[in-house]
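The values are calculated or read from the model by the stated rules, or taken from the named source; none is laboratory data. Source: prediction; values computed, not measured. As a convention, Cβ positions derive from the backbone with ideal geometry for all residues, glycine included, and neighbour counts pool all protein chains shown.
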Amino acid sequence: MYTAAELEKFVKRHAIQDFIFEQFITGDEIICAGLIHEQKYYHILMTDKATTPHPHFADLMHTAPSKYQSLIGNTIETGQKIAEAFNIQTAPLIMEFIVDDKNNLYLLEAVPEFGGEFIPDIMIPAATGYSHLGNTLKAATSGDFKTPGRVTVNNAIAVKYITGSDGVLTSCSTDTVKKIDGIIFTRIFKHIGEKTTTPSTNHDRLGVIVASGKTVDQAIENAGLAAKELNIVIRKDNKETIDVKETEEIKKE
């Protein structure tokens, strides 16, 4: 839906109690991963998030360090309020915020979980050296864990997702990707012969590349170079192929 008229038409077909309405906030989205122990919130990592345009907002990339590092203190205050309000003793916590053009923070959601997107298991250790999974488990079972009091982002990291369009995956190779400098992790989600679609959810993505660099821009560049080496080809209607590494359609002669 792109207009108020489309929204009104859709709502009229359903009971009003089926909906939760939220104000649409324009701005950049950030993710904050943290840990609560004995009702105290500890910040671990803030990332910048890029998505597809509305209305689907599928994740395309996460990068660290965030350009909004100066707002970490504000997110810690929010995390602490959540820990106290819900009487959380020990748990991981993922918070998603929108940052508007005046650097105001709007909390979109907060969930006592590790989260996905390869942030807790790949991105956080690569960026900081801190084991989010391991230390949270220790905190929950024995209390003997390393407090993430002053976690420092030592490496710039980009988690880049590969997307395609409607068709069938006919080619993909990760053999040469590992030889590219800064590549930490790659995974292809689809098998040869599977149908592919333009992403409307995170499940429609083709794969992921995690890359490091001295700066965020360099990490993104390394991930982009790796994406070109994947040699992903999507066949459409048996008449043309879409080469994702070049993001353009190549018609067969």
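Here are a few things to note about the model shown:
- Scanning segment 202-243 for residues that are at pLDDT 90 or above, surrounded by fewer than 19 Cβ atoms within 10 Å (Cβ to Cβ) and polar (S, T, N, Q) returns Asn202, Thr215, Gln218.
- Total residues in segment 125-153, condition surrounded by 12 or more Cβ atoms within 10 Å (Cβ to Cβ), out of contact with any strand residue (DSSP E or B) (no Cβ under 9 Å at 6 or more places or on another chain) and polar (S, T, N, Q): 1
- Check on Ala91, free of Cβ contacts under 8 Å to residues at least 12 places away in the same chain, over 23 Å from Asn155 (Cβ atoms) and aliphatic (A, V, I, L, M): no
- Complete set of residues in segment 159-185 that are within 17 Å of Ser212 (Cβ to Cβ) and at pLDDT below 95: Val177, Lys178, Lys179, Ile180, Asp181
- Output for segment 23-37, where each listed residue is touching a residue at least 24 places away in the same chain (Cβ under 8 Å) and part of a loop (DSSP other than H, G, I, E, B): Ile25, Thr26, Gly27
- Within the option set Ile124, Ile82, being closer than 27 Å to Lys214 by Cβ, assigned to a helix (DSSP H, G or I) and of a type in the set (Val, Ile, Thr) holds for one residue only, Ile124.
- Any hit, segment 85-94, residues being closer than 22 Å to Lys160 by Cβ, in contact with a strand residue (DSSP E or B) (Cβ under 6 Å, 6 or more places away or on another chain) and not polar (S, T, N, Q): yes
- Number of residues in segment 177-235 that are in contact with an Asp or Glu (Cβ under 9 Å, 6 or more places away or on another chain) and of a type in the set (A, V, I, L, M) equals 9.
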